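The values are calculated or read from the model by the stated rules, or taken from the named source; none is laboratory data. From a predicted model like this one, the values you see are computed outputs, not experimental measurements. When we count neighbours, we look across all protein chains shown, and the Cβ atoms used for this are built from the backbone with ideal geometry, even at glycine.
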Amino acid sequence: MQLTSLNMHIAGLSRCRRDPGVMNVEQAHAAMQLHLDCTVQTCKVRRRARATLVAEGRCVLDERALP
């Protein structure tokens, strides 16, 4: 399998319906860019990436986005 420059399998970031697992901040930023047109409701990659960025304090959600 081909790796991204972020040491993550490309397949792990390309499929919306597959949870890519634990990400670091750099991987989360890359995933958010790759899945720019996706929503966190439908895309597990974007959901995981957003959760990582929020947990690391890199992203602050608007009150409307909170569950």
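Listed by first and then second residue, the pairs linking a residue in segment 40-67 that is at pLDDT 90 or above to a residue that is of a type in the set (D, E, K, R), with Cβ atoms under 7 Å apart and 6 or more places separating them unless they lie on different chains, are Val40/Arg46; Val40/Arg47; Val40/Arg50; Lys44/Arg17; Lys44/Arg18; Lys44/Asp19; Arg48/Asp19; Cys59/Arg50. Entry remark, segment 16-39: residues being in a loop (DSSP other than H, G, I, E, B), under 9 Å from the mean Cα position of the chain (by Cα) and closer than 12 Å to Arg50 by Cβ number 2 in total.
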